[in-house]
Amino acid sequence: MSAIHVDNRLVHYEVIGRRGAPVIFLHSWLGSWRYWLPTMEHAAERYRTFAIDFWGFGESDRRDGAFSIAEYVDLVMHFMNHLGIAKASVVGHGLGGMVALRAASQNPDRFSRLMIVSTPIQGSQIQNHIKPSALSRLFFGRTAPSNVWARLMRQLNVDYPQILNEIIEDTDSLSETVVQRVIASIAETDLREDLERLKTPLLAVFGEKDTIVSPDQARFLHDDRAAMQQVIKLPRSSHFPFLDQPNVFNRLLMDFQESNGTQVEIKTEWRRRVSQLEYI
């Protein structure tokens, strides 16, 4: 376990890999850094990988804070400065993708690649699934049949049952204050102007079975900037493509890191290594 202090608040992070360009992984509005572990272990063969727990999550400080996208952008930038990371690639899931996109739009010289996963561009979209009046029931009434997160997590068919249990455990430990402030910040955030300003190569990955973040959010990315803003939808994935289809996701991640202005795609030769069911 590693940690630094930012504004007198502890930020927990983990590092895997001793050499290579830095890649930073950011988690979403549930769970913690831990669900990135299999992806980090794969990427660490060529890169030095980092994962942060946002304040209010995992092992980071849970004392009162804004628990907002703006606060988490500041956290990421302070983290990079503290560790002497001049420039990095970032992979963000959900909330983490929103933080990554805003950070890159505001600090274009600090980010070399941006991969967002199951990330709402127009944050108000999430209110279709999570209404403020339902927050307590969703997160703290776990026996309720309408519990979106519990139902989603139980439906996951992943190769990592231990990680699934950790996501549930970490989500159970969240405070209602953190959840309310995070969801409120997401709902009021619109990243369309950030996309307009973005100068960093971007790959957006969506699961077509995602019941939380609609893959239709891809419509906000710009077709006229195809070399800079790319979209891949995985028909068999839900909200966690990196756990639903780890082989496909990891290949996309590695290809994107190594791309030089070229389109990233699911390649035909991958089908010889992984069952066709991995793709359809």
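The values are calculated or read from the model by the stated rules, or taken from the named source; none is laboratory data. Just so we're clear, the structure is a prediction, and the values are computed from it rather than from any experiment. As a convention, Cβ positions derive from the backbone with ideal geometry for all residues, glycine included, and neighbour counts pool all protein chains shown.
Worth pointing out:
- Members of the range 1-16 that are free of Cβ contacts under 8 Å to residues at least 40 places away in the same chain, surrounded by fewer than 17 Cβ atoms within 10 Å (Cβ to Cβ) and within 21 Å of residue 162 (Cα to Cα): 15
- Considering residues of the range 251-265 that are surrounded by 15 or more Cβ atoms within 10 Å (Cβ to Cβ) and over 14 Å from the mean Cα position of the chain (by Cα) only, the residue farthest from residue 21 (Cα to Cα): 264
- In the set 116, 126, 130, only one residue is within 17 Å of residue 69 (Cβ to Cβ) and modelled with pLDDT of 95 or more; that residue is 116.
- Residue within the range 211-220 that is surrounded by fewer than 15 Cβ atoms within 10 Å (Cβ to Cβ) and without any contact (Cβ under 8 Å) to a residue 24 or more places away in the chain present: yes
- Any chance residue 37 is touching a residue at least 12 places away in the same chain (Cβ under 8 Å) and either over 25 Å from residue 105 (Cβ atoms) or assigned to a loop (DSSP other than H, G, I, E, B) (or both): yes
- Residue list for the range 106-126, filter: among the hydrophobic types (A, V, I, L, M, F, W, C) and either in contact with a strand residue (DSSP E or B) (Cβ under 6 Å, 6 or more places away or on another chain) or more than 14 Å from residue 210 (Cα to Cα) (or both): 111, 114, 115, 116, 117, 121
- Selection within the range 172-204: residues that are outside any loop (DSSP other than H, G, I, E, B) and hydroxyl-bearing (Ser, Thr, Tyr). The member of this set that is nearest to residue 229 (Cα to Cα) is 185.
- Only one entry of 56, 31, 96, 92 meets the criterion of being part of a strand (DSSP E or B), of a type in the set (Gly, Ala, Ser) and closer than 30 Å to residue 217 by Cα, and that entry is 92.
- Every condition in (1) over 23 Å from residue 169 (Cβ atoms); (2) more than 15 Å from the chain's Cα centre (by Cα) holds for residue 90 except the one numbered (2).
- Among the conditions (1) surrounded by 22 or more Cβ atoms within 10 Å (Cβ to Cβ); (2) touching a His at 6+ places or on another chain (Cβ under 6 Å); (3) not aliphatic (A, V, I, L, M), residue 32 misses just one, which is (2).
- Within the option set 121, 167, being within 19 Å of residue 35 (Cβ to Cβ) and at pLDDT 80 or above holds for one residue only, 167.
- Pairs linking a residue in the range 181-207 that is more than 25 Å from residue 56 (Cα to Cα) to a residue that is among the acidic types (Asp, Glu) and modelled with pLDDT under 95, with Cβ atoms under 7 Å and 6 or more positions apart or on different chains, are 207/244.
- Looking only at residues in the range 180-200 that are among the small types (Gly, Ala, Ser) and in contact with a helix residue (DSSP H, G or I) (Cβ under 7 Å, 6 or more places away or on another chain), the one that is surrounded by the fewest Cβ atoms within 10 Å (Cβ to Cβ) is 187.
- All of 48, 19 fail the test of being of a type in the set (Lys, Arg), surrounded by 17 or more Cβ atoms within 10 Å (Cβ to Cβ) and free of Cβ contacts under 8 Å to residues at least 40 places away in the same chain, apart from 48.
- Among the residues of the range 115-127, those identified as aliphatic (A, V, I, L, M) and either in a helix (DSSP H, G or I) or out of contact with any Gly (no Cβ under 8 Å at 6 or more places or on another chain) (or both) are 121, 126.
- Residue pairs meeting the criteria (Cβ under 7 Å; at least 6 apart or on separate chains; first under 20 Å from residue 47 (Cα atoms) and buried (at least 24 other Cβ atoms within 10 Å of the Cβ), in the range 90-113; second at pLDDT 95 or above and charged (D, E, K, R)): 111/87
- Scanning the range 64-111 for residues that are touching a Leu at 6+ places or on another chain (Cβ under 9 Å) and either on the phi > 0 side of the Ramachandran plot or among the charged types (D, E, K, R) (or both) yields 94, 102.
- Of the residues making up the range 1-49, those that are small (Gly, Ala, Ser) and touching a helix residue (DSSP H, G or I) at 6+ places or on another chain (Cβ under 9 Å) are 17, 20, 21, 28, 31, 32, 43.
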